[in-house]
Amino acid sequence: MNMRQLRNTRQLEFWLKAGETIELQKRNRPVARIVPIAPPAPKEKVWPNFEARHKKLFGNRVLNAVDDFIKNRHGRY
């Protein structure tokens, strides 16, 4: 891309969003390089310790969800 073509900012923006590096030239000699910003590295998600949370809430009790569902449906199904 030469310096005169730099005026077309829409095309320039499109190329940069696509991740292309643009080299600016004057009289067919490279003058500068426009490089898109690298996307930020994804942060590692820290998940809560569900097992410890469950143990804190319920202790060593075993909860059977199917039995509770059948007991509480009151003949609706």
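List the relative contact order of the chain as a percent without decimals, with contacts defined as Cα pairs under 8 Å and 6+ residues apart.
Values: 41 pairs, mean separation 14.5, N = 77.
Here the relative contact order equals 19 percent.
Over the stretch 22-77, what lengths in whole Å, largest first, do the semi-axes of the equivalent ellipsoid take, defined as the square roots of 5 times the eigenvalues of the alpha-carbon gyration tensor?
Numbers: eigenvalues 833, 69, 5 Å².
They are 65, 19, 5 Å, listed from largest to smallest.
So if each residue of separation counts as 0.36 nm, and I subtract the Cα-Cα distance between residue 4 and residue 34, what length gain in nm does that give?
Working: separation 30, 0.36 × 30 = 10.80 nm, distance 1.51 nm.
Answer, rounded to one decimal: 9.3 nm.
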message: Within the chain, count lysine pairs with alpha carbon atoms under 26 angstrom apart where the residues are 8 or more positions apart or belong to different chains.
response: 6
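Bear in mind these aren't lab numbers, they're just calculated from the coordinates by the rules spelled out. Predicted, not measured: the structure shown is a model, and the values here were computed from it.
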